[in-house]
Amino acid sequence: MSEKVVVISGASSGIGEATARVLAKAGHQVFLGARREDRLAALADEIGGGYAPLDVTSRESFQSFVDAAVERYGRVDVLVNNAGVMPLSLMDSLKVDEWDRMVDVNIKGVLNGIAAVLPRFTGGGHVVNVASVGAHMVMPTAAVYCATKYAVWALSEGLRQERDDLRVTVISPGVTESELADTITEDFAASLMEDFRKLALPATAIGDAIAYAISQPAEVDVNEIVVRPVSQR
Ligand code: NDP
């Protein structure tokens with residue numbers, strides 16, 4: 001079966017949107033989730049596929065989202081756990097609400113997705129978790145963000161080890177064009193990101209990596225792909 005039913009969190013912009021475009025073009029059935037429903041509706045209309053509102057921080061919302069995909073297509077083959085936020089700041093700034101939001105979206109959101117989809121997989125299944133190069137290195141202002149991405153890496157690896165019939169892939173992008181930096185509220189962190197973002201890859205580069213992992217034969221599990229601009233250290 002080469003055509004997959006793929007549910008994608010955070011499909012309203014950036015990497016999730018680009019991934020939906022790449023996968024739809026490759027013939028997969030995509031089901032889009034995020035909070036900005038107007039964007040999902042426009043994208044689904046353009047590329048084909050379905051959508052439903054999704055707040056990944058709510059277990060019930062993720063469950064309803066996956067249920068809606070199963071209702072539409074009869075099954076789910078792949079979950080792309082892509083939704084994420086990155087309000088970078090120095091820890092001294094004590095932006096504790098933003099720490100909470102990163103933990104809620106970037107870690108709990110990924111776990112909620114896994115919990116919603118595992119019972120729905122029939123005969124295998126594939127979880128693709130979008131981490132970051134920040135799952136392998138830490139930078140000033142990115143302590144909490146990187147901690148969430150290290151967590152995504154760790155829980156992906158643990159899930160992979162526990163199951164013989166499940167493919168688990170970590171996608172770790174370097175700097176990529178998207179709206180992610182818009183979540184930064186601290187001037188110092190925003191100024192650090194300004195030069196960095198000039199290196200950014202188009203988001204389709206990450207969509208292509210996800211498409212590659214998904215399209216491998218059933219016995220091949222691509223465990224991790226790190227994709228970064230050639231000039232990013
Ligand atoms: P964007 O800000 O463009 O996209 C983030 C997506 O997450 C949006 O679709 C947003 O949708 C969704 N989202 C945020 N909060 C929630 C929520 N509570 N429930 C559901 N959806 C939510 O950024 P990117 O495309 O860059 O981010 C995608 C992933 O890539 C993230 O996990 C990010 O950490 C990772 N990444 C990005 C890099 C980059 O340089 N761009 C580098 C490394 C990793 P909405 O607001 O409509 O809910």
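The values are calculated or read from the model by the stated rules, or taken from the named source; none is laboratory data. All of these numbers come straight from a predicted model, not from anything done at the bench. So basically every Cβ, Gly included, is an ideal-geometry build from the backbone, and we count neighbours across all protein chains shown. The accessibility values were calculated without ligands, DNA or RNA, using every heavy atom of the protein model including side chains. Shrake-Rupley method; radii C 1.70, N 1.55, O 1.52, S 1.80 Å.
Assorted remarks:
- At R0 = 22 Å, FRET efficiency that the Cβ-Cβ distance of Val103 and Ala190 yields, to 0.05: 0.55
- Most to least packed among 171-183, 217-229 [average Cβ atoms within 10 Å]: 171-183, 217-229
- Mean separation of Cα contacts under 8 Å, 6 or more apart, over the residue count of region 111-233: relative contact order %: 29
- Rounded Å value of the spacing that divides the Cα centres of region 1-39 and region 56-115: 15
- Per residue, the accessible area of region 110-185 comes to 40 Å² when a 1.4 Å probe rolls over the protein heavy atoms.
- Spatially proximal lysines relative to Lys95 (Cα-Cα < 22 Å; intrachain offsets below 8 disregarded): Lys108, Lys149
- Other-chain or far-sequence residues with amide H under 5 Å of Arg228's (modelled H): Gly174
- Label sites at Val70 and Asp182, each approximated as a point 7 angstrom past Cα along Cα to Cβ, lie 3.3 nm apart.
- Separation in nanometres of the label points that stand 7 Å from Cα toward Cβ, at Arg197 and Leu118: 3.7
- Within a straight-line Cα-Cα reach of under 22 Å, Lys25 can be paired with the following lysines, leaving aside sequence neighbours fewer than 8 residues apart in one chain: Lys4.
- FRET efficiency, Ala154 to Glu46 (Cβ-Cβ, R0 30 Å, nearest 0.05): 0.25
- The chain, helix-only ellipticity at 222 nm - DSSP H runs n ≥ 4, -39,500 (n - 2.57), divided by all residues, nearest 500: -12500 deg cm²/dmol
- Just so you know, the Cα atoms of region 1-139 work out to an Rg and Dmax of 15.2, 51 Å.
- Rough spin-label spacing in nm, given labels placed 7 Å along Cα→Cβ, for Asp38 and Glu60: 2.7
- Relative contact order [Cα under 8 Å, 6+ residues apart], the chain, whole percent: 21
- Applying 0.36 nm per residue to the separation of Ser215 and His136 and subtracting their alpha-carbon distance, the gain on full extension is 25.9 nm.
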